[in-house]
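Enquirer: Got a structure for you, questions after.
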Amino acid sequence: MNRKRHILLVEDEPDTLQAMLKTLITKRQKNYEPLVADDGYEAIDYMINKKIDLIVLDLNMSNMNGLEVCQHKFKDPDMKDIPIIVSSAFVDESMEEQLRSLGVMHFLKKPYKMEVLLQKIDELLACPA
């Protein structure tokens, strides 16, 4: 039996988080196990203590923001290759350039349809639809 893929959802907006969880649980119950962090510190704790397969990361959060999470992940060889989907309402060119320099290649501009997020997750984890 295949192991469930751990998807870390780092999001501090309750409505967005609920929509993400509902989508992952109902559409991919057999493949994905969503984990939830509402700030960057909690996200890093998960990344240290769990095998994370993919991160969906909001940028604007209290405490440690998404850019700081990416910087921390990039410095750690054990975390460096975890794919990240940045989920944000606004990413300017400068921020996108900084994120790309840290290995982030996938961006979804809020608001988006949850099916688009699910498709991107499937694509990055090479899971069949």
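Values in this text are rule-based calculations from the coordinates and carry no lab data. The structure presented is a predicted model; accordingly, all values stated were derived computationally and were not measured. Positions of Cβ are generated from backbone atoms using ideal geometry, with glycine treated the same way; all protein chains shown enter the neighbour counts.
Enquirer: Looking at the chain as a GNM with Cα springs under 10 Å, which of GLU93, GLU11, GLU33 has the largest mean-square fluctuation?
Expert: Comparing GLU93, GLU11, GLU33 in a Gaussian network model of the chain, the most mobile one is GLU93.
Enquirer: So, R0 is 25 Å and r is the distance between the beta-carbons of LYS80 and GLU33; what FRET efficiency does that work out to, to 0.05?
Expert: On the way: r = 22 Å, r/R0 = 0.88.
Result of the calculation: an efficiency of 0.70.
Enquirer: Moving to a separate point now. Within a Cβ distance under 14 Å of ASP81, other residues only, what is the Lys/Arg minus Asp/Glu net charge?
Expert: Summing Lys/Arg as +1 and Asp/Glu as -1 gives +1.
Enquirer: Mind checking the full-extension length gain between LYS113 and LYS22? Use 0.36 nm per residue of separation minus the Cα-Cα distance, one decimal, nm. Working shown, then result.
Expert: Numbers: separation 91, 0.36 × 91 = 32.76 nm, distance 1.25 nm.
Roughly 31.5 nm would be gained on extension.
Enquirer: Given the convex hull over the Cα atoms of the range 1-107, what projected area results after averaging over all orientations, in nm²?
Expert: Numbers: hull surface 26.8 nm².
Projected over every direction and averaged, the Cα hull of the range 1-107 covers 6.7 nm².
Enquirer: Subtract the Cα-Cα distance of ALA126 and GLU96 from 0.36 nm times their separation in residues, and report this length gain in nm to one decimal.
Expert: Fully extending the segment from ALA126 to GLU96 adds 8.3 nm.
Enquirer: On to the next question. Which whole-Hz ³J(HN,Hα) couplings does the range 19-26 yield from phi under the Karplus relation 6.51 cos²θ - 1.76 cosθ + 1.60, θ = phi - 60°, glycine and proline marked x?
Expert: Couplings: 5, 4, 4, 4, 4, 5, 6, 7 Hz.
Enquirer: Counting only residues 5 or more places away or on other chains, whose amide H sits under 5 Å from the amide H of LEU35 once H atoms are built in the peptide plane?
Expert: Those lying under 5 Å, H to H, from LEU35 are ILE7, LEU8, LEU9.
Enquirer: Hey, another quick one. For the pair ASN60/MET105, report the inter-label distance in nm, with labels modelled 7 Å from Cα in the Cβ direction.
Expert: Reported label-point gap for ASN60 and MET105 is 2.8 nm.
Enquirer: Please list, ordered by chain and number, the residues whose modelled amide H lies under 5 Å from the amide H of ILE85; skip anything fewer than 5 residues away on the same chain.
Expert: Here the answer is ILE55, VAL56, LEU57, since their amide H atoms fall under 5 Å of that of ILE85.
Enquirer: Still on this structure, please answer the following. About its Cα centre, how strong a charge dipole does the range 5-121 have in debye, to the nearest 20, once Lys and Arg get +1 and Asp and Glu get -1 at the Cβ?
Expert: Dipole of the range 5-121, to the nearest 20 debye: 680 debye.
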